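Notes to accompany the following structure.
The values are calculated or read from the model by the stated rules, or taken from the named source; none is laboratory data. Model, not experiment: these values are computed from the prediction. For accessibility, only protein heavy atoms count, side chains too; no ligands or nucleic acids. Shrake-Rupley method; radii C 1.70, N 1.55, O 1.52, S 1.80 Å.
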Amino acid sequence: MSLFLNEDSSFFFMKFFVKVTDPLMRWFRPITPAFLVHRLRPLYVAWFIYMIRFYVIPLSLGYGVMGVLSLPLESEISLAIYDLFDLLTTKVD
């Protein structure tokens, strides 16, 4: 949101957003390149969190590398949803 509004904006949602994301920004400060423009640093941190979510979490949960665009957690969730709807739509005689 800092791309569109100043961090000291009086908009209530921006105040909440800054309060919630500032700890993450401080935590990632040691690995954020200093040459990045200040307003692009949140985007870099979001990319970093996405990379952690895409590679580290599935590996830590025991999934192997299944492909470049494979999201194993979403696959498991979608299979559970399909099974649930299959159970709900199947007629019991």
(request) Give the residue, chosen from LEU59, LEU40, LEU84, that is open to solvent by 90 Å² or more (accessible area, probe 1.4 Å), part of a helix (DSSP H, G or I) and modelled with pLDDT of 80 or more. (result) LEU84
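For SER70, indicate whether it is assigned to a loop (DSSP other than H, G, I, E, B) and at pLDDT 80 or above. Write out each step before concluding.
Numbers: assigned to a loop (DSSP other than H, G, I, E, B): yes; at pLDDT 80 or above: no.
Here the answer is no, as SER70 does not meet what is asked.
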(message) For the range 20-37, give me the residue count where each residue is part of a helix (DSSP H, G or I), of a type outside the set (A, V, I, L, M) and more than 15 Å from the chain's Cα centre (by Cα).
(response) 6
